[in-house]
Amino acid sequence: MDTIEDKDHATVWFVTMQAESTGYAHPEALVTPKWLLERLDDPKVRVVDGRFGLQSDDDGSVQSYAKIDDYQEGHIPGAVFLDVMSDLSDDENPTSVIDAATFEALMSRFGVDNDTMVVIYDDDGGTWAARLWWALRYYGHDQIAMLDGGFDHWIAQGHPTESRVTEVPVGAFKATIRPELRVTADEVEQSLGDSSTCIVDALPEVFYSGEMSLYPTHRAGHIPGALNVAAPSNLDRATSRMLPPDQLARLWEPLNIRADQRVITYCGGGVYASFALFALYLLGHENAALYDASWSEWGADNNRPVETSSTQP
């Protein structure tokens with residue numbers, strides 16, 4: 001593939017992709033309801049329901065919750081349910097992903113082997129389920145795809161559901177950690193001002209700007225120098241499907257991410273940031289890592305710098 005260079009002679013990956021490709025760089029990472037329907041009986045395909053949501057309490061506070069009740073009312077046939085927050089978060093350090101041994105046990109319990117194709121979905125376009133997508137890749141598993149449009153698109157296509165809890169044979173998953181896919185707060189701070197790194201805040205603009213605080217006990221704002229692409233903006237909100245390749249590329253184009261840059265994404269607790277990584281992966285930018293502790297750690301640490309003025313291009 002020929003390259004396109006900007007005025008600084010740096011290759012701009014998304015421009016090349018938009019100009020020369022008629023599809024995603026990794027189309028295998030996004031499957032259609034029809035594709036999945038044809039493989040529901042395949043023992044080497046494991047479907048994982050990761051539906052999750054937010055609700056407001058009487059006092060106005062917002063709480064997150066796993067939609068296990070929705071799963072029990074109806075889910076894609078054969079799907080197992082995973083709580084993308086509690087199941088994937090370390091009990092002693094909730095801002096971190098579970099360790100390798102715990103992840104191996106979790107995936108094995110869900111019937112996942114190292115050669116299993118895992119298909120994940122939620123009812124919000126994948127913005128929650130993406131945490132499992134990242135965790136599987138972090139622990140060395142590449143055979144994973146997002147169901148485009150999630151549960152809502154599945155229903156809209158008229159495909160079947162079931163309400164019984166799925167029982168699956170125990171698998172034998174073995175993790176191989178890819179340390180390059182995850183960064184710590186210290187590594188993020190060391191990268192501040194480094195032109196070889198682009199930091200992306202995947203939260204809605206109201207939190208990025210500091211107009212509102214994501215957590216009542218935390219400071220408002222963003223990591224200095226971070227640019228903002230809110231995770232839901234990667235979706236066609238009318239259908240909950242991923243934006244087409246050309247529109248997705250245009251969304252990210254203003255950030256001027258170079259092919260030689262490492263991208264670090266963060267959000268509140270590693271969920272939206274995982275979806276940002278998924279979008280980047282679809283576009284072909286794989287030199288990217290998750291700061292999974294995200295604002296839940298950074299915003300609570302008064303020793304870490306915070307910025308509220310916009311650094312948007």
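The values are calculated or read from the model by the stated rules, or taken from the named source; none is laboratory data. All values reported here derive from a predicted model rather than from experimental measurement. We place every Cβ from the backbone using ideal geometry, glycine too, and count neighbours over all the protein chains shown. Surface areas here come from the heavy atoms of the whole protein model, side chains and all, with no ligands, DNA or RNA. Shrake-Rupley method; radii C 1.70, N 1.55, O 1.52, S 1.80 Å.
Residue count for the range 90-107 satisfying the condition of being free of Cβ contacts under 8 Å to residues at least 60 places away in the same chain and hydroxyl-bearing (S, T, Y): 1.
For S108, state whether it is farther than 17 Å from R182 by Cα, modelled with pLDDT under 95 and polar (S, T, N, Q). The answer is no for S108.
A single member of R131, R137 is open to solvent by 10 Å² or more (accessible area, probe 1.4 Å) and either at pLDDT below 95 or within 21 Å of I177 (Cα to Cα) (or both), and it is R137. Within the range 229-250, is even one residue in a loop (DSSP other than H, G, I, E, B) and closer than 13 Å to Y266 by Cβ? Yes, that holds for at least one residue. Of all residues in the range 171-196, those satisfying the criterion of being within 19 Å of the chain's Cα centre (by Cα), surrounded by 14 or more Cβ atoms within 10 Å (Cβ to Cβ) and not in a loop (DSSP other than H, G, I, E, B) are L181, R182, A185, V188.
Scanning the range 130-165 for residues that are farther than 21 Å from S274 by Cα and among the acidic types (D, E) yields one hit, E162. The range 1-89 holds helices (runs of 4 or more DSSP H) entirely within its bounds, and those carrying 1 or more residues that are at pLDDT 70 or above and open to solvent by 70 Å² or more (accessible area, probe 1.4 Å) map to 33-37, 68-73. If you go through the range 209-223 one residue at a time, how many are in contact (Cβ under 8 Å) with a residue 24 or more places away in the chain and either assigned to a helix (DSSP H, G or I) or over 22 Å from the mean Cα position of the chain (by Cα) (or both)? Adding up the residues that qualify gives 6. Residues that are touching a residue at least 24 places away in the same chain (Cβ under 8 Å), crowded, with 16+ Cβ neighbours inside 10 Å and at negative phi within the range 148-158 comprise D148, F151, D152, H153, W154, listed in sequence order.
Looking across the range 103-141, just one residue is under 25 Å from S240 (Cβ atoms) and of a type in the set (S, T, N, Q), and that is T127. Selection of the range 256-285 for residues being open to solvent by less than 20 Å² (accessible area, probe 1.4 Å) and in a helix (DSSP H, G or I) yields A273, S274, F275, A276, L277, F278, A279, L280, L282, L283.
In the range 286-313, the qualifying residues are those that are open to solvent by 10 Å² or more (accessible area, probe 1.4 Å), assigned to a loop (DSSP other than H, G, I, E, B) and small (G, A, S), and the one that is modelled with the lowest pLDDT is S310.
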